[in-house]
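**Student:** Please find one structure pasted underneath; my questions will follow.
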Amino acid sequence: METSFARRIILFSLLTMLSFVVSAQKETLVIGQVFDRFTQQPVAGATVQFKNTSISTITGNEGYFLIKANNPAAKIMVFANGYKPFQIRIKRNATLGVEVWLSPIGPSAI
């Protein structure tokens, strides 16, 4: 529990600091973490992409990501091997913090 709380504090702190920088630049910045819906463990190596663009990033070992663009799509797609794709609607020219919960594909998801 403490680790999860500490992660949220760190994420919030980063989001707050970066919001001042981004607001002056008219960029969209999304910071977040990707989790497995059932095990509640971070998902490393997931692809996070602005929909219908080539702008993407990969989550790190703890499932964290940061993606930004000047004129992005209004949605973010999240893909990972063994999981159903996930889509998030976002507000343009904003700084957002999100948690993504992916559902596994296959018998374990039933």
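**Student:** Within the set of other residues whose C-beta is less than 11 Å from the C-beta of residue 51, count the net charge using Lys and Arg as +1 and Asp and Glu as -1.
**Tutor:** Local charge sum for residue 51: +2.
**Student:** Could you check the simple spin-label distance between residue 89 and residue 37, using points 7 Å along Cα→Cβ, in nm with one decimal?
**Tutor:** Output for this residue pair reads 1.9 nm.
**Student:** Something else now. Under a 5 Å amide H to amide H cut-off, with H placed in plane at 1.01 Å, what residues pair with residue 35 once short-range neighbours are removed?
**Tutor:** Hits under the 5 Å cutoff: 43, 100, 101, 102.
**Student:** How about region 34-110: which trypsin sites (Lys or Arg not before Pro) there are in a DSSP loop, with at most 10 other Cβ atoms within 10 Å of their Cβ?
**Tutor:** When the trypsin sites (Lys or Arg not before Pro) of region 34-110 are filtered for loop state and at most 10 Cβ neighbours within 10 Å, 91 remain.
**Student:** Determine ³J(HN,Hα), in whole Hz, for all residues of region 54-62 in sequence, where each value follows from phi through the Karplus function 6.51 cos²θ - 1.76 cosθ + 1.60 and θ = phi - 60°; x replaces Gly and Pro.
**Tutor:** Whole-Hz 3J(HN,Hα) from phi for region 54-62: 9, 7, 8, 8, 10, 6, x, 4, 9.
Bear in mind these aren't lab numbers, they're just calculated from the coordinates by the rules spelled out. Nothing here was measured: the structure is a model prediction, and the numbers come from that model. We place every Cβ from the backbone using ideal geometry, glycine too, and count neighbours over all the protein chains shown.
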